[in-house]
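Q: Dumping the structure here so I can ask a few things about it.
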Amino acid sequence: MMETMGTPGPLKEAVRHEVDRHAEELIRLSERLHADPETAWEEHRAAAAVPEPLDRAGFDVTSSYLGLDTAFRARFGSGPVRIALCAEYDALPGLGHACGHNLIAASSVGAALGLAAVADDAGLTVEVYGTPAEEGGGGKIEMLDRGAFAGVDLAMMAHPAPVDVAEARPFAVSHSRVSYTGRSAHAAAYPEAGINAADAFTVAQVAIGLLRQQLPSSARVHGVVTHAGDAPNAIPERTTGRWYVRAETLAELARLEPRVMRAFEAGALATGCELETEPESKPYAEFRNDETALGHYRANALALGREFAPPGQAARMNRASTDMGNVSQMVPAIHPYIGIGSLPATNHQHEFAAFCVGGTAQRALLDGATALAWTGVDRSPARYASH
């Protein structure tokens with residue numbers, strides 16, 4: 001019987017059966033991650049927990065992959081087509097799993113388990129990459145630089161969002177640490193002896209606010225001051241912050257970022273502070289969708305009863321930046337968004353984190369795992385074979 005796009009023939013039915021068979025285990029994994037959030041590069045417990053179901057299923061698991069303590073790779077099969085599933089599991093500082101990476105990890109594991117059940121018949125090698133530090137740390141970029149994903153035929157993951165959106169359109173983004181160093185003094189007795197590092201950030205933020213008038217409408221500049229002083233009666237001598245600049249493409253980002261950096265230089269010039277800037281990671285690239293795989297995913301998700309949202313406010317999560325964009329520049333990739341029914345709550349809110357466990361999240365987890373695995377089957381050299 002022919003396996004056709006979006007139609008659950010024998011291979012896809014076998015995949016769905018395997019995902020369903022592991023449903024309770026996958027939900028437990030998701031809930032375990034959700035209850036124990038770890039931030040970028042600190043995901044030691046998550047990096048140990050996520051590959052456990054794969055190890056039990058016979059995957060060859062490599063911990064501390066490529067020298068990164070919280071990365072792993074798990075591999076099954078020996079077919080000519082290599083399908084990679086990306087598992088993210090870092091959480092947001094102060095917000096926990098308000099971006100749903102617990103669901104990303106569990107759905108990628110579920111998709112891999114489903115594909116492993118048909119890997120020999122489908123001519124696949126199934127790989128799961130545990131990718132740390134997506135939230136600003138550029139974990140996938142570090143992995144790419146060390147040789148990960150080389151030769152992969154299709155890389156995939158499904159990201160939670162308020163609603164379903166198939167096509168990823170993330171911005172390119174840079175992440176910078178910014179710090180000013182001034183000189184402390186008693187704010188009342190000797191104010192003239194101080195150099196105010198908090199004022200430097202004030203000047204910079206005013207300059208950035210004015211600069212936004214001359215930036216493209218798609219550009220985004222935003223950040224937080226993470227340390228602004230220690231005592232009201234001591235002029236702050238050191239302040240620090242984290243700042244993001246987003247643009248449509250890496251090329252546009254390269255043009256915009258120096259203009260933003262000059263705003264920080266203005267803060268230093270006006271106050272007499274010393275300025276230090278340091279990238280948190282290499283820039284994240286815009287996303288390049290593999291249109292064939294994207295069509296397969298759409299058809300598969302619809303076959304599972306998913307409904308894609310029309311463009312608009314609720315569907316805007318597909319513009320969020322991701323280091324999966326850098327993967328997509330190197331190998332064919334898709335990064336669909338799967339809805340968890342959270343509206344009006346949206347990503348990076350405490351309310352969204354609460355929706356990343358429970359009934360709608362569980363359904364999204366299993367649907368995402370199945371739709372990704374079915375898309376892997378559609379990439380298979382055995383797609384048109386009889387079984």
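The values are calculated or read from the model by the stated rules, or taken from the named source; none is laboratory data. All figures in this text were calculated on a predicted structure; none of them were measured in a lab. All Cβ positions, even for glycine, are placed from backbone atoms using ideal geometry, and neighbour counts span all protein chains on display. Keep in mind that these areas ignore ligands, DNA and RNA; they rest on the heavy atoms of the full protein, side chains included. Shrake-Rupley method; radii C 1.70, N 1.55, O 1.52, S 1.80 Å.
Q: With a 10 Å radius around each residue's Cβ, average the other Cβ atoms per peptide and rank 194-205, 276-287, highest first.
A: In decreasing order of mean packing, 194-205, 276-287 become 194-205, 276-287.
Q: If you don't mind, there's one more thing I want to ask. Report Rg/Rh for the stretch 268-328, rounded to two decimals, where Rg is the Cα radius of gyration and Rh the Kirkwood radius.
A: 1.26
Q: What residue among 157, 330, 143 has the largest mean-square fluctuation in a Gaussian network model of the chain, using Cα springs under 10 Å?
A: 330
Q: Apply the Kirkwood formula to the stretch 142-242: the hydrodynamic radius equals the inverse of the mean of 1/r over all pairs of different alpha-carbon atoms; give it in Å with one decimal.
A: Hydrodynamic radius (Kirkwood, Cα pairs) of the stretch 142-242 is 17.8 Å.
Q: Evaluate Rg over Rh across the stretch 32-117, taking Cα atoms for both radii and Kirkwood's formula for Rh.
A: Taking Rg over the Kirkwood Rh, I get 0.98.
Q: Here is a follow-up. Taking only protein heavy atoms into account and a 1.4 Å probe, give the accessible area per residue of the stretch 118-182 in Å².
A: 21 Å²
Q: Could you state the angle between the C-alpha long axis of helix 359-378 and the longest principal axis of the C-alpha atoms of the chain, as a value from 0 to 90 degrees rounded to the nearest 10?
A: In the chain, helix 359-378 runs at an angle near 60 degrees to the longest axis.
Q: Could you state the angle between the C-alpha long axis of helix 23-35 and the longest principal axis of the C-alpha atoms of the chain, as a value from 0 to 90 degrees rounded to the nearest 10?
A: Here the helix axis deviates by roughly 10 degrees.
Q: Report the relative contact order of the chain, percent, no decimals, based on alpha-carbon pairs under 8 angstrom and at least 6 residues apart.
A: 25 percent
Q: Along its principal axes, what span do the Cα atoms of the stretch 79-172 show, with the longest given first and each in whole Å?
A: 45, 31, 22
Q: Rounded to a whole number, what % of the accessible area of the stretch 109-238 do carbon and sulfur atoms account for, probe 1.4 Å?
A: So the carbon and sulfur contribution to the accessible surface is 49 percent.
Q: Quick one: among 13, 135, 38, which has the greatest mean-square fluctuation in a GNM of the chain with alpha-carbon springs under 10 angstrom?
A: For the chain, modelled as a Gaussian network with Cα springs under 10 Å, the answer is 13.
Q: Something else about it: For n ≥ 4 DSSP H runs only, could you compute -39500 (n - 2.57) per run for the chain, divide by its residues and tell me the 222 nm figure to the nearest 500?
A: -11500 deg cm²/dmol
Q: If you don't mind, another one. Take peptides 335-344, 146-155 and line them up by average Cβ neighbours within 10 Å, highest first, as a rough protection proxy.
A: Answer by packing, highest mean first, reads 335-344, 146-155.
Q: So what does residue 273 come to for accessible area, using a 1.4 Å probe and Å² rounded to 10?
A: Taking all protein chains as shown, residue 273 has close to 10 Å².
Q: Shifting gears a bit: What is the percent carbon and sulfur in the accessible area of the stretch 253-339, measuring with a 1.4 Å probe over the protein chains and ignoring ligands?
A: 52 percent
Q: Could you tell me the distance between the Cα centroids of the stretch 251-307 and the stretch 218-237, to the nearest Å?
A: The two parts, judged by their Cα centres, are 22 Å apart.
Q: Averaged per residue, what accessible area in Å² does the stretch 266-382 show with a 1.4 Å probe, protein chains only?
A: Per-residue value: 41 Å².
Q: Quick one: with all protein chains in place, what share of the accessible area of the stretch 14-67 is carbon or sulfur, to the nearest percent (1.4 Å probe)?
A: 47 percent
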